[in-house]
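Novice: My questions will all concern the structure given below.
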Amino acid sequence: MDVSQSIKEDMLNNQLPRGVPLRQKELSLRYGVSRIPIRDALLSLKGEGWLVPHGKAGVMIPDLNWKEAEDLWLMRAELECLLFSMAFDRIKSDDLTQAKIITQRLDKDALSLIERGELNWQFHHTLYRSAERPTLHQVVARLNIQVVRYMGFQYGPLGYKATSQYEHSQLIAMIESKDKQAALMFLRRHIEEAGRLLVSYLKQID
């Protein structure tokens, strides 16, 4: 696991403080690397939305909040359904085979939250890539990267793993049956219901 992934894991597991500047020297000692890979990792995480500016040149881990979570699922619901609609008629049997393999991998209990988040995006990416709309796909990918920050809630206290897995399998079945309208409606509901559940939980603990 590279430094960026290690920092993400520690963020998700509350091993790094929120709301205070991250010090390159301290992180260098923590992860046993020089400051150069730490600096590069922090820049990358800032670009992905995992870190926010602090002061003139520093960065910090932002608090998780329901408004950001709601914005993310609202954008995902619109943009992913658009991308999926563009891809639907071009999805090949190889794409579905790969999506099924990813679904099986997501069933493993030993996955870290980062691994689970990356696999979840790979599943959706496999269904969307046939659209061949790189700009839109890039925006959707970025939203999914940011969503991983909230996976500790979805797979922890919200216990959403089984529901998510079942819905992935249902979505594949709808694609196989060529039922585009049903698949589009199902994808939107898949994103929206998970989003609403998360936002409701975050409001309760805010």
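Novice: From the backbone phi of region 153-166, what are the Karplus-calculated ³J(HN,Hα) couplings (6.51 cos²θ - 1.76 cosθ + 1.60, θ = phi - 60°) in whole Hz, Gly and Pro given as x?
Specialist: With coefficients 6.51, -1.76 and 1.60, one gets 6, 5, 9, x, x, 8, x, 8, 4, 4, 5, 4, 5, 4 Hz.
Novice: What translational D, rounded to a whole number of µm²/s, comes out for region 11-94 from Stokes-Einstein when the hydrodynamic radius is the Kirkwood one over Cα pairs, at 25 °C and 0.890 mPa s?
Specialist: 158
Novice: Please get the size of the charge dipole for region 44-129, origin at its Cα centre, with Cβ charges of +1 on Lys and Arg and -1 on Asp and Glu, quoted in debye to the nearest 20.
Specialist: That gives a dipole near 220 debye.
Novice: Compute the semi-axes of the equivalent ellipsoid of region 97-147, taking the square root of 5 times each eigenvalue of the Cα gyration tensor, and list them largest first in whole Å.
Specialist: Result for region 97-147: semi-axes of 21, 14, 4 Å.
Novice: Name the residue from T126, Q104, S93 whose Cα lies farthest towards the positive end of the charge dipole of region 79-160, charges +1 on Cβ of Lys and Arg and -1 on Cβ of Asp and Glu.
Specialist: Positive-most Cα among the choices belongs to T126.
Novice: If you line up the long axis of helix 66-87 against the longest principal axis of the chain, both from Cα atoms, how many degrees apart are they, to the nearest 10?
Specialist: 40
Novice: For the chain, please report how many Lys pairs fall under 15 Å Cα to Cα, leaving out neighbours fewer than 8 apart on the same chain. Mind dumping the intermediate values first?
Specialist: On the way: K8/K46; K46/K56; K67/K203; K92/K100; K92/K178; K92/K180; K100/K108; K108/K161.
Lysine pairs satisfying the spacing and distance rule in the chain number 8.
Novice: Given 20 °C and 1.002 mPa s, compute D for the chain with the Stokes-Einstein relation, Rh being the Kirkwood radius over Cα pairs; round to the nearest whole µm²/s.
Specialist: 118
Novice: Rounding to the nearest 20 debye, state how big the charge dipole of the chain is about its Cα centre with +1 on each Lys and Arg Cβ and -1 on each Asp and Glu Cβ.
Specialist: On the way: 28 positive and 26 negative charges, 97 e Å.
Rounded to the nearest 20 debye, it is 460 debye.
Novice: Something else now. Between region 91-149 and region 153-191, what is the separation of their alpha carbon centroids in Å?
Specialist: Centre-to-centre (Cα) distance: 13 Å.
Novice: Further, regarding this structure: In whole Hz and in residue order, list the ³J(HN,Hα) couplings for region 185-201 that follow from phi through the Karplus curve 6.51 cos²θ - 1.76 cosθ + 1.60, θ = phi - 60°; x for Gly and Pro.
Specialist: Those phi angles translate into 5, 5, 4, 4, 5, 4, 6, 5, 5, 5, x, 5, 4, 5, 4, 4, 5 Hz.
Novice: Per-residue ellipticity at 222 nm for the chain, helices alone: DSSP H runs ≥ 4 residues times -39500 (n - 2.57), over residue total, nearest 500 deg cm²/dmol?
Specialist: -22500 deg cm²/dmol
Novice: Turning to a different aspect of this structure: Quick one: what are the phi-derived ³J(HN,Hα) couplings along region 16-30, Karplus 6.51/-1.76/1.60 with θ = phi - 60°, whole Hz, x for glycine and proline?
Specialist: Result, rounded to whole Hz: 10, x, 8, x, 10, x, 8, 9, 4, 4, 5, 5, 4, 5, 4.
Every number here is computed from the coordinates shown, using simple stated rules; none is lab data. Keep in mind that this is a model prediction, so the values were computed, not measured. Cβ: placed from backbone, ideal geometry, glycine included. Neighbour counts: every protein chain shown.
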